[in-house]
1. Against the definition (crowded, with 20+ Cβ neighbours inside 10 Å, more than 9 Å from chain A (Cβ to nearest Cβ) and closer than 21 Å to residue A:168 by Cβ), how does residue B:246 come out, yes or no?
2. Give the residues of the stretch D:267-277 that are buried (at least 24 other Cβ atoms within 10 Å of the Cβ) and under 30 Å from residue A:324 (Cβ atoms), sorted by residue number.
3. Looking only at the stretch B:325-347, decide whether some residue is surrounded by fewer than 18 Cβ atoms within 10 Å (Cβ to Cβ) and closer than 28 Å to residue B:240 by Cα.
4. For the stretch A:47-67, enumerate the residues that are part of a helix (DSSP H, G or I) and within 18 Å of residue A:90 (Cβ to Cβ).
5. Residue B:161 - would you say it is outside the structural domain of residue B:262 (by TED's automatic domain parsing) and at pLDDT 95 or above?
6. Provide a single number: the residues in the stretch A:23-39 that are assigned to a helix (DSSP H, G or I) and either surrounded by fewer than 20 Cβ atoms within 10 Å (Cβ to Cβ) or over 17 Å from the mean Cα position of the chain (by Cα) (or both).
7. May I ask you to verify whether residue C:274 is more than 20 Å from the chain's Cα centre (by Cα) and assigned by TED's automatic domain parsing to the domain that holds residue C:231?
8. Does residue A:201 fit the bill of being touching a residue at least 60 places away in the same chain (Cβ under 8 Å) and farther than 27 Å from residue B:370 by Cα?
């Protein structure tokens, strides 16, 4: 298939996630970066574009310039989609403008810094008929898709209890907010929204729960905390209730020393318990009551995996795929979907507006519950 | 040292924990079983005693008989202590009577089936001046003592967050309550107290938190649940706050399929995160932010362990000690303490009344919180 | 059953393995220590016996005294068996004398310091009709027995390849031979035999291979080495060929830094590969080609284990048993066998003369091969 | 930097490794695929090229066509290098011709199907002054480079013993040679050379040993075997001696059931033992005698790693990189080297002719030793 021509908004010098998106698109193979407005600062945008290697005439000083100029290009030449990798508070304006200019959108999660902005994006999508995908990265892992296939299809019976955590330590010290571009916007309510760790990574954890169980988090009792002197949460935990009646706990923190990027989930059903950990993503453990525990392995030739999950893997078992490949799976699936092809990974290839709005409701409910001393709040 | 002569109450045919106590005492080496009243049913008591191998004249039909007859024996001949391994609701009467008859007591946890009975035991101890130890087994593991030494002494800075779980699957099916002696009394409020899983194993988890951190659980918001058709909790989770200001989550369940006896704890301090799992008790993981993760190993020759922890181990590194040895450590420490010797494992050799009453307050607070829809309850 | 009354030879102050035997016998429950000659030095023997707690009149100054005096005791009073835990070169004299005096023998491995002495013991056993068991400890682990059951019964097809290692680091430094009682006799050819690490732990590795596969090592090409300045091997490796046609590698070393007591085995058959590691003895991994890897768990209630393996375990799954319990399984099985009872663990409960002579042939062949620059030597 | 324009030889429909090279080059970011001759069959070459997406005029029917046509293009337009991913016996002709036509070469390992052909390639490189890199993939992993940095620099003292294995199970059944393109050429001596598993993966294992230790394998005693009915080895093991005096064992097999792609290495030095396993490549274990074991983590922000190893990682700790990223590291380093830039990963960025000739000598010696019943053969 012909690759999707895309332009990137944000992701210039000093940014982490922009490079991840570009590499993911390269691995996916069905995307081609042809334009960019890589920073809100024109000089920095242009310098970044030169480094990244887009051609001079499509290396724009602002996203407004890019949308206008690209829309004027001939069909077959102009970009078809934009990838938005700006800080959270800068998601909605370019996303809405891009859709209005006729481009599809792939956007880093969370969709927006507030429910109001998220709804505005959703309305724009409905109004313009453009497509939008949100990169909830961790759902791109093959074994996460396999977990969903097993559990949401009821193979192991109803979900009883979920334990999920997403914990890191990069903000564990007071001084971590000084001179740290990654940290600065994430812990500034104006740029990142009202939530800190719960918004940044707690929503990944919640999304993973909903993706694997096929249920929604219906109710939450959360307590968010922060190190002395900080404005928004850097740590918190919650009890939750699933739409299907199961219970769970969720912990999200950026101050837990020794945890690097520890997203881990345990899902207990009536007949089995399933365990997956992002830092070792190529194995999944399933415990039973009356037979040995199983270790499932990722790999394009592990024939016990579902056919559509085999299809999206690039290497045979034992040749580990990682974070970038998971990310690439999202790009590939969205690209295939834009071309009208059957998407590798089925309908679960990328997160939809509905999925991500659920995440934002989760976040709002967690914040509200925390303000109410961990009282239960319905989503 | 001369072994402690003891008699056992309960623990006859079909019981699990009685055999554990007897083997633990044998491994400890400083206890000698010389008498017993192994069941509430006289014939069964006698048959059990014959199987176990106590001499006919000290194989009693009831604990009342044993206390009376032994008290009448000469000093140097009569038992010095009793080991009580009956169901929870049968702890208080023999414990109090034994102390009144002049014997020290070692008793399986929880101390009693209700706070009232626990207080009655504590009062009897104070009144008679007898000693009492409660077998919170998991604190007997060498690496748990090492964890306490590191954390409660502040080596890693204040505790920020604790995650603890104690999960099993042996009651995961409706039919598990039929014809199962272990299950029957544990899930019968009359025998086990008002709590099920939270009393049986949740208290172990809470005790482990307090033992390692050297703090108390100060406040809890818990939700206890149960499979349809059951009278008391078989599953639940809680948020908690520690006396030192840290936060935590606790899950206790006997219906989580694939989890065998999975007591696991993660304690995050300002400078390090410590991780221990009961099913692989001879290693402990400590994560740091700026240096490699460490794996500490148990073993009588691992010189980086504290001297008093080296002293209680029976085998050099790589010769795994297990559950029975952990249990034996409690017997040995209590025996040494009764003989006035310096206890291996220091002041932490066995749980005291204060420790165990804290556990019972934890349980009462969890039950109250659950009745109040997980509202915070102070302990 | 009535416990086996036994006397111990060796194992006094400063010894490691003697205490292991006594605790193992105590855990087994069907042995009772009633006499001892705990050292070759009379005063030390007596002092050790007082510490250990045998009665004064049966605390002997020499093993000769013990055999003579005990033989004179009444049946039903005198010892029935001796446990021999002396250095290797002191195995044969007391073992032969004990059998001639009418006692059965349990003896630490290796059976003797030379093939000649081993044969002399075997002849004495044949001549006197006494029973003898050798404590090849690692075959006492429940999952090792389960591995044997699966593989030697052919469930997974013929054995293709075995990898086994037994590696430690306690002799990794030149100075480790100074003032170290454990080391001193083990590395002195006069006390330990002509082999060092290969005799001390290599034979355990070879025994484990033969136990699990149910085959014999038929041929070996070995290279034994040692740190500069040492008299006998402290490190070595071998290729070997099994009687059934499979191939293997074996490494035994006491100078490999960071390996504590790392006995690990991988057995690959036509249909599955089985993996077990002594330091985490309660799980066993089985890999297949077309289905998920399995983790088998030890435990008295893991119903997928064989019935006779369930029967020898003391605790349910997740309550780890360790090295002392594995050792206890050997004592228990030999005790039951002496009483004519069906032995827990079936015919594999303890190593027989035939098993241990195979180990000595292995050692002789390894030494010969090493002298011949790793040429193949048949056993 | 301007990307290296390259053409690919081989790697068309049905091939595995060609796609790996292309994705690796895309991840590397400093290579651009502009031409190709993707099969020895012209129609298949052209069909593959269309699928892969090279432009029609540079999608060649044969590698001879490609070299001729590209050499005729203007500088700045024509390819600068070729990537050769054909079966082993088809390495030498295009590699030599490409260098003679003025192109640098990156080539899948092993360099050639025979020592004679390997030498011919080396001579062509010397004659033409062209550069050549061989993709010994596993040296591309960041922690493998870190292991080399620690060990070859002597930080842990001399190497005592190495255990290395590379084991798979995809040829474990007789029928695996039927209708399997991957298998067919690998087990056909005419296409793959005289060696099977030892050539295909044993050389990876040997290369890893030499890369990490900084020494050469000096002598080997090997036994290669195969399933009944096969023409070349599918399984084997060896003792070896390192140039620095250390000893080792090496196992390579494609018939060991349950092992997926299990390349694992243990390197024991005087002061520490280092352990790495390709299937979980983002952690490395280092054991010591007197302090806790360490787990080192990969990641662009794990500051205890060497600066040049931090520099080549694309993601922070806990965002796992895998096989494709390791492969990309080789492409990137070779590309940087071609541009005269300091190569990320230092002088170890890619395997040189010297490294790979050592691997071929290893293979020849292993084959010779096996023919001589595992007699020692010097390399």
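1. Details: crowded, with 20+ Cβ neighbours inside 10 Å: yes; more than 9 Å from chain A (Cβ to nearest Cβ): yes; closer than 21 Å to residue A:168 by Cβ: yes.
Criteria met by residue B:246.
2. D:267, D:274, D:276 - these are the residues of the stretch D:267-277 that are buried (at least 24 other Cβ atoms within 10 Å of the Cβ) and under 30 Å from residue A:324 (Cβ atoms).
3. yes
4. Residues satisfying the conditions are A:48, A:49, A:63, A:64, A:65, A:66, A:67.
5. It is false that residue B:161 is outside the structural domain of residue B:262 (by TED's automatic domain parsing) and at pLDDT 95 or above.
6. Going residue by residue through the stretch A:23-39, those that are assigned to a helix (DSSP H, G or I) are A:23-28.
From the residues that got through so far, the ones that are either surrounded by fewer than 20 Cβ atoms within 10 Å (Cβ to Cβ) or over 17 Å from the mean Cα position of the chain (by Cα) (or both) too are A:26-27.
Of the residues in that region, 2 qualify.
7. yes
8. Working: touching a residue at least 60 places away in the same chain (Cβ under 8 Å): yes; farther than 27 Å from residue B:370 by Cα: yes.
Considered against the rule, which asks whether it is touching a residue at least 60 places away in the same chain (Cβ under 8 Å) and farther than 27 Å from residue B:370 by Cα, residue A:201 comes out as yes.
The values are calculated or read from the model by the stated rules, or taken from the named source; none is laboratory data. The structure presented is a predicted model; accordingly, all values stated were derived computationally and were not measured. Using ideal geometry, Cβ is built from the backbone for each residue, glycine included, and neighbour counts are taken over all protein chains shown.
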